[in-house]
Amino acid sequence: RKLVLFTASDEAEIKVWDLTSKAPLATLDGHFSAVTGLAVSPCGKILLSGARDKVVNVWNLATYKKASTVPVFEALEGVLLLPP
């Protein structure tokens, strides 16, 4: 299992970094404004990203592809995932 870091930017992108090699693994593009919140599922397979574009994106961390978009109709400043 890799040790990874997720970073969010005002440029509406999320970067995934390999902390061992310090190299970028992926860039997740799917928002249209500043990404303001990230949350990883307890199983480590899903990433949620919230932004000021009023949507939450659901990312598959095995493929680094967007799985779905959930409109929330208001700008977000954070997201949180609670275990079941």
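For segment 1-27, name all the residues that are surrounded by fewer than 15 Cβ atoms within 10 Å (Cβ to Cβ) and either at positive phi or part of a loop (DSSP other than H, G, I, E, B) (or both).
Across segment 1-27, the qualifying residues are R1, K2, L3, S9, D10, E11, L19, T20, S21, K22.
Out of all the residues in segment 58-75, is one or more assigned to a strand (DSSP E or B), within 26 Å of R1 (Cα to Cα) and open to solvent by less than 20 Å² (accessible area, probe 1.4 Å)? Write out each step before concluding.
Looking only at segment 58-75, we keep the residues that are assigned to a strand (DSSP E or B), and these are 58-60, 65-71.
Those left that are additionally within 26 Å of R1 (Cα to Cα): 58-60, 65-68.
Adding the requirement that they be open to solvent by less than 20 Å² (accessible area, probe 1.4 Å) leaves 59.
Yes: segment 58-75 contains one or more residues that are assigned to a strand (DSSP E or B), within 26 Å of R1 (Cα to Cα) and open to solvent by less than 20 Å² (accessible area, probe 1.4 Å).
Say whether the condition of being surrounded by fewer than 17 Cβ atoms within 10 Å (Cβ to Cβ), over 12 Å from the mean Cα position of the chain (by Cα) and modelled with pLDDT under 95 is met by at least one residue in segment 28-42.
Yes: one or more hits.
Only residues in segment 34-47 that are assigned to a loop (DSSP other than H, G, I, E, B) count as the first member; pair them with residues that are surrounded by 14 or more Cβ atoms within 10 Å (Cβ to Cβ), Cβ under 7 angstrom, at least 6 apart or cross-chain, and list the lot.
A34/A12; A34/A51; A34/R52; G44/L61; K45/L61
The values are calculated or read from the model by the stated rules, or taken from the named source; none is laboratory data. What you are looking at is a predicted structure, and each value in this text was computed from that prediction instead of being measured. Quick reminder, even Gly has a Cβ in these numbers, built from the backbone with ideal geometry, and neighbours come from all protein chains shown. SASA here: full protein model, heavy atoms, side chains in, ligands and nucleic acids out. Shrake-Rupley method; radii C 1.70, N 1.55, O 1.52, S 1.80 Å.
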